[in-house]
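Undergrad: Sharing a structure with you now.
The values are calculated or read from the model by the stated rules, or taken from the named source; none is laboratory data. Note that the structure is predicted; figures quoted are calculated from it, not measured. Every residue, glycine as well, gets a Cβ built from its backbone with ideal geometry; the counts of neighbours run over all protein chains shown. Just so you know, the surface numbers come from the protein's heavy atoms only, side chains and all, with ligands and any DNA or RNA stripped out. Shrake-Rupley method; radii C 1.70, N 1.55, O 1.52, S 1.80 Å.
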Amino acid sequence: MTAVANDIARPEIGKSITVDGSVTNYHDVGDGAPVLLIHGSGPGVTAWANWRLNMPELAKRFRVIAPDMFGFGYSDSKGRIEDKRVWVDQVASLLDGLGIDKVSMVGNSFGGGITLAFMIAHPDRVERAVLMGPAGLDFPITPALDLVWGYQPSLEEMRTSLKYLAWDHSRLTEDLVQSRYEASARPEAHEPYHATFGGADRQRNIAMLASREEDVAALKHETLILHGLFDQVIPLESTVRLASLLPRADLHVFAECGHWVQIERMTSFNRMVAEFFENGLKA
């Protein structure tokens, strides 16, 4: 295992760690109990793009670690990934490399599916979990998710994708569209993204990210589930079903919010996550 410090000139590039020949780009800020943030699967996403508004606030109370998952951002590509265990093993290797035995986790969308799978595979390594607009159960693919996963780099397709992700379209400035387009158009970003998510049968991606309901129902972790009322990407019905399966879960639905809870309801998100990780469901 080797680690390399961050490139301060490019905020999306943090530190890097190499475990078994595979490189993970990650951010590591703050002190205290460790919290791991797993990003979603939008085109051009990185850990920094997903969590840039949350990491500084959460870092006031926790050690915050946010990796680019394999096939995203500046971590290694694994070509077409057909088994979520690749990402589950990446999380375990990252924690091992950083000398962390147990962590609380936040999983956004795709990251929610990975967080659930990690909790099932390594229940003793998770303290508490927040699942935000999460994948993790099987459901019919939504038109929004089908479009996002089928994305081909262009300004117009990026603009359309972001409109599906956000409820408040005033946030979608041309600078944001341009920066996300440029991030998505890098060959080392788009090619692995398209290889994994862009096939003709994108319903298979949902099945790949899903865990067995009986395994979900067996989890004993305190879990906070967050969902935007106007989320077009992950259906609220799936999240309600997930909340009914998890024996120790609270569900909070945010008004005036789409798939971007951590952005559109940033202040509430940061406060609720911090209080939950410090005090649990009894807070």
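Undergrad: If LEU281 satisfies all but one of (1) within 18 Å of VAL35 (Cβ to Cβ); (2) in a helix (DSSP H, G or I); (3) open to solvent by less than 30 Å² (accessible area, probe 1.4 Å), what's the number of the condition it fails?
TA: LEU281 satisfies all of (1) within 18 Å of VAL35 (Cβ to Cβ); (2) in a helix (DSSP H, G or I); (3) open to solvent by less than 30 Å² (accessible area, probe 1.4 Å) except (3).
Undergrad: Now for a separate question. Kindly indicate whether any position in region 83-103 is more than 25 Å from GLU191 (Cβ to Cβ) and assigned to a strand (DSSP E or B).
TA: So far as region 83-103 goes, yes, one or more of its residues are more than 25 Å from GLU191 (Cβ to Cβ) and assigned to a strand (DSSP E or B).
Undergrad: Please give the number of the condition ARG10 fails out of (1) out of contact with any Asp or Glu (no Cβ under 9 Å at 6 or more places or on another chain); (2) at pLDDT 95 or above; (3) over 20 Å from MET208 (Cα atoms); (4) in a loop (DSSP other than H, G, I, E, B).
TA: For ARG10, the exception is condition (2).
Undergrad: Considering only residues of region 21-39 that are outside any strand (DSSP E or B) and touching an Asp or Glu at 6+ places or on another chain (Cβ under 9 Å), which is least open to solvent (accessible area, probe 1.4 Å)?
TA: The residue in question is HIS39.
Undergrad: If we keep just the residues of region 186-204 that are without any contact (Cβ under 8 Å) to a residue 60 or more places away in the chain and assigned to a helix (DSSP H, G or I), which is surrounded by the most Cβ atoms within 10 Å (Cβ to Cβ)?
TA: Checked region 186-204; the qualifying residue surrounded by the most Cβ atoms within 10 Å (Cβ to Cβ) is HIS194.
Undergrad: Just the residues that are under 19 Å from the mean Cα position of the chain (by Cα) and free of Cβ contacts under 8 Å to residues at least 24 places away in the same chain, please, taken from region 241-283.
TA: Result: ALA243, THR267, SER268, ARG271.
Undergrad: Taking the stated definitions as given, is VAL273 surrounded by fewer than 22 Cβ atoms within 10 Å (Cβ to Cβ), in contact with a strand residue (DSSP E or B) (Cβ under 8 Å, 6 or more places away or on another chain), of a type outside the set (Gly, Ala, Ser) and not in a loop (DSSP other than H, G, I, E, B)?
TA: For VAL273, the condition - surrounded by fewer than 22 Cβ atoms within 10 Å (Cβ to Cβ), in contact with a strand residue (DSSP E or B) (Cβ under 8 Å, 6 or more places away or on another chain), of a type outside the set (Gly, Ala, Ser) and not in a loop (DSSP other than H, G, I, E, B) - is not met.
Undergrad: Out of THR223, THR239, THR267, which single residue is over 20 Å from LYS78 (Cα atoms), modelled with pLDDT of 95 or more, of a type in the set (Ser, Thr, Tyr) and open to solvent by 40 Å² or more (accessible area, probe 1.4 Å)?
TA: Result: THR267 is the single residue among THR223, THR239, THR267 that is over 20 Å from LYS78 (Cα atoms), modelled with pLDDT of 95 or more, of a type in the set (Ser, Thr, Tyr) and open to solvent by 40 Å² or more (accessible area, probe 1.4 Å).
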